[in-house]
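Only one structure is covered here, and it is reproduced in the block below.
Nothing in this text is a laboratory measurement; each read-out follows from the coordinates by a stated rule. Because the structure is predicted, anything quoted here is derived from the model rather than measured. Glycine gets a Cβ as well: all are built from the backbone with ideal geometry, and neighbour counts include every protein chain shown.
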Amino acid sequence: MSKSIAMTGSSGMIGTFLKSYFEQFGYSVYPISKEVLTDTESLKKILLLSDVIINLAGENIGSGRWSYVKKKRIYESRINTTKQIVRVLNEEAMPPKTFISISAIGYYGYKCGKITSEDAPAGNDFLATVCKDWEKAAGEYRKGRLIIPRLGIVLSKEGGFLKKMENLANYHILSAIGDGKKRTSWIAVEDVASIILFLIEHSRLQGPINFTTPNDFTNEEFVTTLYQKLHKKAFFSMPEWLARAIFGKKGKILLLSDQMVHSSKLASSSYIFKYKTLNEYLNSNVP
């Protein structure tokens, strides 16, 4: 088997971790830059060097307000990039065997409740529409195995969501929102990498797969556990109306979501999670 991977979004938090992780297992990882994506011949050269393509490209949804321009970038950076990669792959006689195109559990809608199967229907809010069209673009790949990881909130001690929350907690301005009972499905970046390697090397699973731990957490549990880990205390809670007023539509979808998304596909496989609970991860020796 080839030990080479081509990757978009390799400079982001998840991409940086994946690149380092796969290299530890003897893989050569070829980053696909924005410049390469717009040059069909250069893109072909990198894609055909590889047996696996991992598509992580996409505008950061957590930074800035969701203006019309921001939402357009969120949408187009995902759908257009995916369409370009799929178009090139489908034109080749012998394309890479496996195409892994990232999506998110936002596919189900920000208030989807409990989801136990990847067959559940899509939601109808902005992020659900983005994910649905993103997956549709990836689904046009006709020449090999397609895997669509639907990521929960990805926790990493190196940055992203968790680091932002730690910074707020250090200033005692992280708080539960509303009654604190809304649930969030999550996964450690270490498990994201480990599951992808498992899928590449040991499993025949394909199509959409929910990348979430078996144990989601409530907003209140997250805030309490993080403050305990930092040996600090929360001073207040934020009403839902205030979160909407400050963060607008982004706040409504990202901060007020209520999702309990599990994976029937991973549950039926032999994969064993490295980190199953929030407390286990926050108090682990991961740097």
Rounded to the nearest Å, the spacing of the alpha-carbon centers of the stretch 1-67 and the stretch 141-192 is 20
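For the residues Met13, Met7, Met165, what sequence is obtained by ranking on other C-beta atoms within 10 Å, fewest first?
Going from least to most buried by this count: Met165, Met13, Met7.
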Once the Cα atoms of helix 189-201 and of the chain are each reduced to a long axis, what angle between those two axes, in degrees from 0 to 90 to the nearest 10, is obtained? 30
At 7 Å along Cα-to-Cβ for each site, give me the label-to-label distance between Lys114 and Ser284 in nm. 2.6
With Cα coordinates, the longest principal axis of the chain makes an angle with the long axis of helix 68-91, in degrees rounded to 10, of 30
Using 0.36 nm per residue of separation minus the Cα-Cα distance, give me the extension gain between Gln206 and Lys97 in nm, one decimal. 38.0 nm
Set Lys70/Lys164; Lys44/Lys157; Lys34/Lys111; Lys70/Lys276; Lys34/Lys143; Lys19/Lys232 screened for pairs whose C-alpha atoms are more than 31 Å apart: Lys44/Lys157; Lys34/Lys111; Lys70/Lys276; Lys19/Lys232
Once normalised by the length of the chain, the mean sequence separation of its alpha carbon contacts under 8 Å that are 6 or more apart gives a contact order in percent of 19
Helix-only [θ]222 nm of the chain, DSSP H runs n ≥ 4, -39500 (n - 2.57) each, per residue, nearest 500: -12000 deg cm²/dmol
What does the charge count around Gly109 come to, taking other residues whose C-beta lies under 11 Å from its C-beta (Lys +1, Arg +1, Asp -1, Glu -1)? 0
Cβ charges +1 (Lys, Arg) and -1 (Asp, Glu), total dipole of the chain, debye: 520
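At a 10 angstrom cut-off on C-beta neighbours, averaged per residue, how do the peptides 190-196, 40-46, 276-282 rank from highest to lowest?
190-196, 276-282, 40-46
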Which listed residue (Ile74, Asn55, Gly15) has the Cα farthest towards the positive end of the charge dipole for the stretch 1-89, taking +1 on Lys and Arg C-beta and -1 on Asp and Glu C-beta about the Cα centre? Ile74
For Rg and Dmax of the Cα atoms in Å, one of (1) 18.9, 61; (2) 22.5, 71; (3) 19.0, 58 was computed from the structure I shared and the rest are decoys. Which label? (1)
May I ask for the angle, rounded to the nearest 10°, between helix 160-170 and the longest principal axis of the chain, with both axes built from Cα atoms and the value confined to 0 to 90°? 20
If R0 = 35 Å, then Glu166 and Lys3, at their Cβ-Cβ distance, give a FRET efficiency to the nearest 0.05 of 0.45
Going by a ≥ b ≥ c, the root eigenvalues of the Cα gyration tensor, does the stretch 1-71 fall in the rounded group (a/c under 1.5), the prolate group (a/b larger than b/c) or the oblate group? oblate
